[in-house]
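Only one structure is covered here, and it is reproduced in the block below.
The values are calculated or read from the model by the stated rules, or taken from the named source; none is laboratory data. Since the structure is predicted, the reported quantities are computational estimates derived from the model, not experimental observations. With ideal geometry, Cβ positions are generated from the backbone for all residues, glycine too; neighbour counts draw on all protein chains shown. For accessibility, only protein heavy atoms count, side chains too; no ligands or nucleic acids. Shrake-Rupley method; radii C 1.70, N 1.55, O 1.52, S 1.80 Å.
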Amino acid sequence: STSTSTSSRANKSRNYLVANNLLSEVNALAKSNAMDFDTKRSTELLDHASILLKKINGVRVLMADSESLSIFLKIMTDLPDNWSSNPNRSVSEEYMDGILTDALQAIFSAESSEVKVTKEDIKALVNMETVRSLFMPWIIASVNNNNHVNPVHMIAERIGSFTMDSMGNSSISEVEVMQHALHVFLMLSNLLQRVATIESHGSSMVHPKVKAPYAKMLIKAINDVIETIQLHARKEDYRHFQEYAAIWSSLFRHALQGKCWEDAFESCLSNPVKERRTKNFKRLVLAMVDAGALGALLNKMLFINIDCNGNDEDDQDNNDIGNASPSMDLYELASQTLADAAIQHVSSDIDSFCNRSSTSNVDYKGCLYALHAAYGDWRRSSQAIDFLSEDLALRRLASEQDNQTQNPNSMEEDSTHSDDMHIDGRVMNDLVLWATTSAQLIQLVDDVNQRYFVSGELSTVPFPELSDATGNAASELASTSAIEPLIDSADRVSRLFTEKTLQLRAKKLIALHTLQKDAYAPDSLLDILQSSDTAIIDALSRLGYYHHAISFAHCKKTNKDGGKIGGRDLFVDAISHMLHNCLAPVAVNLAHSPGSDVQSDIGIDGSIMSRPTINQLRLLVGDGRLSRPSETWQRLNTHMDVERGTAAMGLLRLYVERYAKEDKKVAIELAEKLLDLENAKLPIWLQDLVIGQRGADGLFANNGVGNPTALLNLFIRNGLYVDACQLVSEVILGDKNKDRDRAATSRLPELGNIDYVPYDVIDRLWNVIETHLRTSGGHSLLDQKLLNARQSVETALEKHFNLMQLSEMGMLSARALRGKNRI
């Protein structure tokens, strides 16, 4: 027996020595051949070392007896009531270790023991935390009470009494129960020693190609410890093993280092201590995100069903320590972790953005968005995209301006970069991406009443319940107090974004992005971002970006932002400004040959005259094709200008006909503008639009978008008397008024047959023409045209009066007949 024990110890020492040498060889290979590392050879050495260490298992329990172990653990954790387990300071720790060593030797020296243990085994058990936590209270109580009772005998008596009282079975040997438990503890001690041996070489396993095999080796060794505990102990007894929670934490740590995400996820959620589960899961989230394994993390959280329940050991006063704790909310925990990381990353991201160097390439805010999107929480996805976006952009720009002020040469360096690499372009691209994404995501929320969020917050707390006009709720609603210095201290209402306000912001930034890319735009992006809404619309209109100007103004109208009490809103003002001051002058100017009097009198800024470009017009007209000028030979620039002028006039007509319904004054104001630019005939389509619908009733009365009276006054003010006379004749005797002849006798006011004729305006026109003819003598060609035009007005009025008489006679007859019928 002695020779067998000696041989066993020799084999055990030999295995330890060889295993350590193999691990040291792997370390040497990693250090010497860092560039040309033999992964296959190193993995083989690690496998051999693992096999050798696995052979050093010491005592093996041939049959799992969880009942005996459960009895032993129950007795050991239940001291007699009259015993005091508080340590006596006069008794040294070495003294109590000696008592524990004697007690363990006494248990193993019993005749029923089938396995002989060595002194090294006893020493290993004495140093084992679980053994000390179970035996030391009994030893301390025995010493404190001065009863000189052997703790082993007391434990054996308690085991015997328990089996008789609770189980009615006196055949269970108390010594065998204690020996079985110590055999399990000894096996666990040897397995833990194996793990410690492998871990002792971890500091040198730094080569990237050896980290994963080394981690798998450790994971396998640690799993052996966990499987042994789960095999020989009941689930409710796991908490008595002091190493159980620590070994799960160790497994998680090594799986994290080796990027073994499956093992890391399982070990994290299997830890019996709630605080460790929470802390480890936060570490797991950050580690997987930093390693680019966000997809694997989301797949685990969404599709794998792992029991997160465990036994809490973090509260010593918890009387329900054996009950299962509620499952962790992985979604909320991951959300909070990524939000905290995003906040902490903001300040460092500003410096790294401006210096074009970053310590971390991880977009935590983007990862937070992906998390919410994976769970279908679109409201929080939109909120995550918006979170600190504008604040971060402004800080970047301010930091860049400070750098340029301190280092003027930096501007020359930046000029060598393309627009996409320029900091203004990068910031603008980010702003547009964040704003448009946020506006689109909020529309995916099913409940229309929930399509809102408070900017600068990442909490699930609804807005109305905790609205605070003083802004004190910001720190409560944020995921961490670190957000407080990064957000504005204004009240929450000013930071409330609804679906409409998000769309307005998105369209505004899209317009600013287009404006910022233009050659005539301001150089400073800060100046562009701080521009007023009217200044933005004006700049877009002057540079030919009519679609962006209209879209932005229409969005403001929809959002009821920019309206005027008792007047027109910003949308109509924007349309009028764009047509009258930008598009109309360009169209009129390009319609004439270069150097003509009309072109020189318009006096438009030369830089603006280049807009809209041919490409802009092709995009705005719709089909991408422009009407071609004549096929005769012309200079290239003349050919292009005429083509642009024709297309610009067509675009002007398109806009006026589309938006004249928004306000009747749009068409007449454009007509006035065109007459101011060129005192000539108005386009036929515009004149028809201003006159409006003409029929048997109304005449000069406002109808639809038309206002013939306003056009008549406009012609008179501009000295277009012939056109004014033609307008009067056309309205009264036009082709569309022929029905008045047939229906003259049947027209009744009570049926809506009412005509309006501005006799005062016509009298003024008549008098103006009379004065002109008297002054000029009436012999010129123009005078003859005026006489003929006035004669047409006279003829139209005579016919109008005759029809009115017929209508009056018909009205009297109709009323007389109606009176007789009533009698």
(Q) As an exercise, use a Förster radius of 60 Å and the Cβ-Cβ distance of Ser776 and Ser524 to find the FRET efficiency, rounded to the nearest 0.05. (A) 0.50
Q) For the range 237-281, what is the accessible area per residue in Å² when the probe is 1.4 Å? A) 37 Å²
Q: Sort Leu294, Leu781 by accessible area with a 1.4 Å probe, largest first.
A: Leu781, Leu294
Q. Once the other residues with Cβ under 11 Å from the Cβ of Ser189 are scored (Lys, Arg +1; Asp, Glu -1), what is the net sum?
A. -2
Q: Give the ranking of Trp261, Trp766 by solvent-accessible surface, highest area first, calculated with a 1.4 Å probe.
A: Trp766, Trp261
Q.
Exceeding 30 Å between C-alpha atoms, which entries from my cross-link table qualify? They are Lys74/Lys216; Lys365/Lys557; Lys216/Lys365; Lys123/Lys235; Lys507/Lys681.
A. Lys74/Lys216; Lys365/Lys557; Lys216/Lys365; Lys507/Lys681
Q: Could you compute the FRET efficiency for Thr498 and Ala701, with r as their C-beta to C-beta distance and R0 at 56 Å, rounded to 0.05?
A: 0.85
Q | FRET efficiency for Lys661 and Val761, using Cβ-Cβ distance with R0 set to 22 Å, rounded to 0.05 | A | 0.30
Q: Compute, for Glu730, the solvent-accessible surface of its heavy atoms (probe 1.4 Å) with the complete set of protein chains present, and express it in square angstrom to the nearest 10.
A: 60 Å²
Q) Per-residue accessible area for His547 at 1.4 Å probe radius, Å² rounded to 10? A) 120 Å²
Q) When the accessible area of the range 752-814 is split by element with a 1.4 Å probe, what percent falls to carbon and sulfur? A) 59 percent
Q: Take Thr130, Thr613 and sort them by solvent-accessible surface of the protein heavy atoms, 1.4 Å probe, largest at the top.
A: Thr613, Thr130
